[in-house]
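The values are calculated or read from the model by the stated rules, or taken from the named source; none is laboratory data. Given the structure is predicted, the values throughout are model-derived calculations rather than measurements. Here the Cβ positions follow ideal geometry from the backbone for every residue, glycine too, while neighbour counts run over all protein chains shown. Side chains are part of the model used for accessible areas, which takes the heavy atoms of the whole protein and leaves out ligands, DNA and RNA. Shrake-Rupley method; radii C 1.70, N 1.55, O 1.52, S 1.80 Å.
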Amino acid sequence: GQCGADRDRRLTPAVAVRKSRADMGRYLLTRSLILLASLLAASLVVFLAIEVVPGDPARTMLGMNATPETVAALNAQLGLNMPGWQLYLHWIAGFATGDMGMSYTYRVPVAGLIAERLQLSLPLTAIALVLTTAIALPAGLIAAAGRGRATDTAVMGIAQIGIAVPNFWFAMILVLVLALKLHLFPAGGFPGWSHPAAAFQALVLPAVALALPQGAILARVLRSALIETMGQDYIRTARARGRSRAGALVAHALRNALIPVLTILGMQFAVLLAGAIVIENVFALPGLGRLIFQALSQRDLIVVESAVMLLVIAVIAVSFITDIAYALVDPRLRRPA
């Protein structure tokens, strides 16, 4: 509070630096322990959620006509006859060391399978994030500059539609119009990175479908942050010195308004990566999302658990990095409550 701030101002520079470092150390330790606890809790939730899905992987692989003895033998071969707690410990210990086990269906290491699919999902997510920013920045600026006017109402109305409509609906509209009718982009499939131009073209429509809802969300956040920043004293001072509203908005308000926007943008990377599960199936893209969908239908539980856990780690890690970045920028966050 104010007393703490007054006390810090009375400290000598050397003591203040040591205190700041000690506060940062304690903050890092606290956040690291919270990160570890969150990961453990998430792993348990993921394991329990996947394990309660009805069906027997061995029965699915062998077919409904397989004898109980054959099913039991395959379960033993796959290590599925162990108690649930042993299966969890075996899985989480292997995951922590990079050994995610063997896929029941593909009979290859799960880590290699996921790494192969990420070669598509990560570029798709990166393109979608760039498009999200390209949509949100001009939309948020236009809405904030015309606050209360027709432009603001129109932009925010379109943004509300973008938030309300599911991305798979956007995907189907894009396929119908731009792929099937105008033949500007492929309707689905992926030619591989050996043909970079064709590969990029195949990712454009999925990336747009992913980016539209997230861009609408980010535009609303940016508008709110800009309007709040425009009420600050330094903006009024800039206006008094002759700056136009648009000039003050871009030159002064935008930089400070970007702090909450960057936080949302960082979280959206993980959201886009997870949201690609549906979009990859709409466009028949062999990415991580399609792998999860196929593994679920085949009861390949070890693949589903590991892939979903990877997405959870991405979300938690982004949140952790954001907290640390905020603490580096604002020393007040490092102090214990």
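You will find that of 236, 223, the residue that is of a type in the set (D, E, K, R) and open to solvent by 80 Å² or more (accessible area, probe 1.4 Å) is 236 and no other.
For the stretch 70-84, the count of residues that are at pLDDT 85 or above, over 21 Å from the mean Cα position of the chain (by Cα) and open to solvent by 60 Å² or more (accessible area, probe 1.4 Å) is zero. Candidates are the residues of the stretch 85-105 that are at pLDDT 80 or above and of a type in the set (Ser, Thr, Tyr); the one that is nearest to residue 300 (Cα to Cα) is 103. Summed over the stretch 134-193, the residues that are over 23 Å from the mean Cα position of the chain (by Cα), of a type in the set (A, V, I, L, M, F, W, C), open to solvent by 50 Å² or more (accessible area, probe 1.4 Å) and under 25 Å from residue 256 (Cβ atoms) give a count of 1. Can you pull out every residue in the stretch 89-131 that is open to solvent by 20 Å² or more (accessible area, probe 1.4 Å), part of a helix (DSSP H, G or I) and small (Gly, Ala, Ser)? 93, 96, 111, 112, 115, 126, listed by residue number. Based on this model, can you work out whether residue 229 counts as loosely packed, with under 15 Cβ neighbours inside 10 Å, out of contact with any strand residue (DSSP E or B) (no Cβ under 9 Å at 6 or more places or on another chain) and without any contact (Cβ under 8 Å) to a residue 40 or more places away in the chain? For residue 229, the condition - loosely packed, with under 15 Cβ neighbours inside 10 Å, out of contact with any strand residue (DSSP E or B) (no Cβ under 9 Å at 6 or more places or on another chain) and without any contact (Cβ under 8 Å) to a residue 40 or more places away in the chain - is not met. In the set (1) open to solvent by 60 Å² or more (accessible area, probe 1.4 Å); (2) assigned to a helix (DSSP H, G or I); (3) in contact with a helix residue (DSSP H, G or I) (Cβ under 8 Å, 6 or more places away or on another chain); (4) modelled with pLDDT of 80 or more, the condition left unmet by residue 47 is number (1).
A count restricted to the stretch 113-151 and to residues that are under 23 Å from residue 254 (Cβ atoms), among the charged types (D, E, K, R) and touching a residue at least 40 places away in the same chain (Cβ under 8 Å) stands at 1. Answer with yes or no whether residue 170 is under 16 Å from residue 281 (Cα atoms), assigned to a loop (DSSP other than H, G, I, E, B), touching a Pro at 6+ places or on another chain (Cβ under 8 Å) and in contact (Cβ under 8 Å) with a residue 12 or more places away in the chain. When the stated conditions are applied, residue 170 does not pass them.
The requirement of being part of a loop (DSSP other than H, G, I, E, B) and either surrounded by 12 or more Cβ atoms within 10 Å (Cβ to Cβ) or among the hydroxyl-bearing types (Ser, Thr, Tyr) (or both) is fulfilled somewhere in the stretch 194-205, by at least one residue. Of the listed requirements (1) touching a Gly at 6+ places or on another chain (Cβ under 6 Å); (2) modelled with pLDDT under 85, residue 121 misses just one: (2).
Note on the stretch 276-308: residues that are more than 29 Å from residue 40 (Cβ to Cβ) and in contact with an Asp or Glu (Cβ under 9 Å, 6 or more places away or on another chain) total 1.
Got at least one residue in the stretch 308-331 being assigned to a helix (DSSP H, G or I), touching a Phe, Trp or Tyr at 6+ places or on another chain (Cβ under 6 Å) and either open to solvent by 40 Å² or more (accessible area, probe 1.4 Å) or modelled with pLDDT of 80 or more (or both)? No. Taking the conditions (1) in a helix (DSSP H, G or I); (2) under 25 Å from residue 89 (Cβ atoms); (3) not small (Gly, Ala, Ser) in turn, residue 299 satisfies each one other than (1). Residues in the stretch 262-291 that are part of a helix (DSSP H, G or I) and open to solvent by less than 10 Å² (accessible area, probe 1.4 Å): 268, 270, 272, 276, 279, 280, 288, 289, 291.
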